[in-house]
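For reference, the structure is listed below as structure tokens.
The values are calculated or read from the model by the stated rules, or taken from the named source; none is laboratory data. Computed from a predicted structure; not experimentally measured. Surface accessibility is based on the protein's heavy atoms, side chains included, excluding ligands, DNA and RNA. Shrake-Rupley method; radii C 1.70, N 1.55, O 1.52, S 1.80 Å.
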Amino acid sequence: MCWSATADLVAGTGVAALGVACVARVRRVRDLPLAALPLLLGAHQIVESVLWDSGGGSGPATVVWAVIALPLLAVWMPAGVMCAAPRYARRRLLLPLATGAVTAAVLAHALATGPVTAEIRGRTVGYVLDLPHAPLLVAGYLLATVGSLLLSGDRWLLALGVLAGVGAVGCWALWRLEFVSTWCAFAAICSVVLLGWVRARPTAPSAPSPG
């Protein structure tokens, strides 16, 4: 996700701090899963800093990294968006949520039955995992994560979805070329947008007083 152990550690700590700020500003319980996303992304980057220091391999840190990146995010994103979305948008969000659940199940099975290995490749880390029907899984993953944001009915989350789609393509291209990994910067930008979303959210309506 970043180009070195130090970069991952610093970026992960910064993103996690943004996550703390997001959670602290939450005014609706339904917003909490999505507001906590930067905490998960920050932890993810810190885990990868351990991978850099260990030289990759297939140890516990690699497995934790893969679990967060693959099955967990495939469910966390659409579920968090579903919780936070306005009532009128929730029915259409059933598709990305169901797609995310199926995708996560397949990814979890692949992680449970086959090894995942991290390889240091210059200024990037490559992850090797044997996935069945990989193009379909990628499509399902993108529908669950980016698609849920685009269908959220919230302008902040829509903007985040556009940013996520464009940023993911750019970061993937740089990573694929093994030039430099920039996912950490992308995660930081998305976390700032989420902080703006939390701050812009209306206060939860007060319960009517008795009598």
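Work out, step by step, the length gained on full extension between Arg30 and Tyr88: first 0.36 nm times the residue separation, then minus their alpha carbon distance; give nm to one decimal. Show your work: numbers first, answer last.
Values: separation 58, 0.36 × 58 = 20.88 nm, distance 1.51 nm.
Gain on stretching Arg30 to Tyr88: 19.4 nm.
With the full set of protein chains in place, find how many percent of the accessible area of the chain is carbon and sulfur; take the probe as 1.4 Å.
Details: 7530 of 10510 Å².
Reported share for carbon and sulfur atoms: 72 percent.
Per the helix-only calculation at 222 nm, which mean residue ellipticity applies to the chain, given -39500 (n - 2.57) for every DSSP H run of n ≥ 4 and division by its residues, nearest 500 deg cm²/dmol?
Values: 9 runs with 132 residues, N = 211.
Rounded to the nearest 500, the figure is -20500 deg cm²/dmol.
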- How large is log10 I(q)/I(0) at q = 0.10, 0.13, 0.15 Å⁻¹ when the Debye formula is applied to the Cα atoms of region 28-129, each weighted equally and without solvent? -0.34, -0.55, -0.69
- Query: Between the helical axis of 155-176 and the dominant principal axis of the chain, each derived from Cα atoms, what acute angle in degrees is found, rounded to the nearest 10?
  - Reply: 0 degrees
- The answer for region 54-162, accessible area per residue at 1.4 Å probe in Å², is 49 Å²
- Message: Could you identify which residue out of Thr117, Thr145, Thr62 has the top mean-square fluctuation in a GNM of the chain using Cα springs shorter than 10 Å?
- Response: Thr117
